[in-house]
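Take a look at the structure below.
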Amino acid sequence: MPKFAHRIAGILAPLCIATFFLSTILVELFGSHATVAQLKSLIVTPGLWILIPAMAAAGGSGMLLSKSRKGRLVSAKKTRMPFIAANGLLVLMPCAIVLNRWAAAGSFDTTFYVVQVVELIAGATNLTLMGLNVRDGLRMTGRLRVTPTPAKVS
């Protein structure tokens, strides 16, 4: 059961962040202020209500699964998880809530866009770290083989 929960949560959490990230960029580039406000609202509810439990389930089930495992890949995944969690709880979640409130109030000023950029950078960071964890997890299970790079011939 923990393997199945880890797999589902490990797919759902980065998928949520990628959806928030891409939809934010597209709506900011091509949408109206009303569309931006609607998107920000959807990111907070139901978005965060899906993302936060998915991240907790991925982290918790990953810790449970890694209790009996050792090695470089397990260590790398365990090292990344606190950064992913802190970035999510201390940067992404507050940014999403504040941006939602400002967008609902029609406050699209410089501060809004500065916080928006911070949120996008934090989202890209979490996507990268989660992607590395997915890659290492696939390597641990043998679903992704490490292909050695050919030696350079000079």
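Between the alpha-carbon centres of the stretch 76-154 and the stretch 1-65 there is a gap of 11 Å.
Rounded to the nearest whole Hz, the Karplus-based 3J(HN,Hα) values (6.51 cos²θ - 1.76 cosθ + 1.60, θ = phi - 60°) of the stretch 108-119 follow the sequence 9, 9, 4, 4, 4, 6, 5, 5, 4, 5, 4, 4, with x at glycine and proline.
Across every pair of different alpha-carbon atoms, what Kirkwood hydrodynamic radius in Å does the stretch 36-88 reach?
12.7
In order along the stretch 94-100, the Karplus-derived 3J(HN,Hα) couplings, from 6.51 cos²θ - 1.76 cosθ + 1.60 at θ = phi - 60°, round to x, 4, 4, 5, 5, 4, 4 Hz, and Gly and Pro are given as x.
All Cα-Cα separations within the stretch 7-57 were binned at 5 Å from zero, giving a P(r) of 5, 23, 27, 20, 13, 8, 4, 0, each value a whole percent of the pairs.
Classify the stretch 86-140 as rounded, prolate or oblate, taking a ≥ b ≥ c as the square roots of the eigenvalues of its Cα gyration tensor: rounded when a/c is under 1.5, otherwise prolate if a/b is larger than b/c and oblate if not. The shape class here is prolate.
How do 83, 30 line up, fewest other C-beta atoms within 10 Å first? Write down the numbers at each step before the final one.
Numbers: 83 12, 30 8.
Neighbour counts put them in this order, fewest first: 30, 83.
GNM on the chain, alpha-carbon springs under 10 angstrom: the most fluctuating residue among 32, 23, 66 is 32. Ordered by the number of other Cβ atoms lying within 10 Å of each residue's own Cβ, fewest first, 102, 49 fall into the sequence 49, 102. The chain gives an Rg/Rh value of 1.07, both radii derived from C-alpha positions and Rh following Kirkwood.
When the chain is treated as a GNM with alpha-carbon contacts under 10 Å, the residue of 103, 85, 34 showing the greatest mean-square fluctuation is 34.
For the stretch 2-141, the number of Lys pairs separated by eight or more positions or lying on different chains, with C-alpha atoms closer than 26 Å, is 7. Relative to the Cα centre, the charge distribution of the chain, modelled as +1 at Lys and Arg Cβ and -1 at Asp and Glu Cβ, gives a dipole magnitude of about 1200 debye.
Throughout, read-outs are computed from the coordinates displayed, never taken from laboratory work. Given the structure is predicted, the values throughout are model-derived calculations rather than measurements. Every residue, glycine among them, receives a Cβ derived from its backbone with ideal geometry; neighbour counts consider all protein chains shown.
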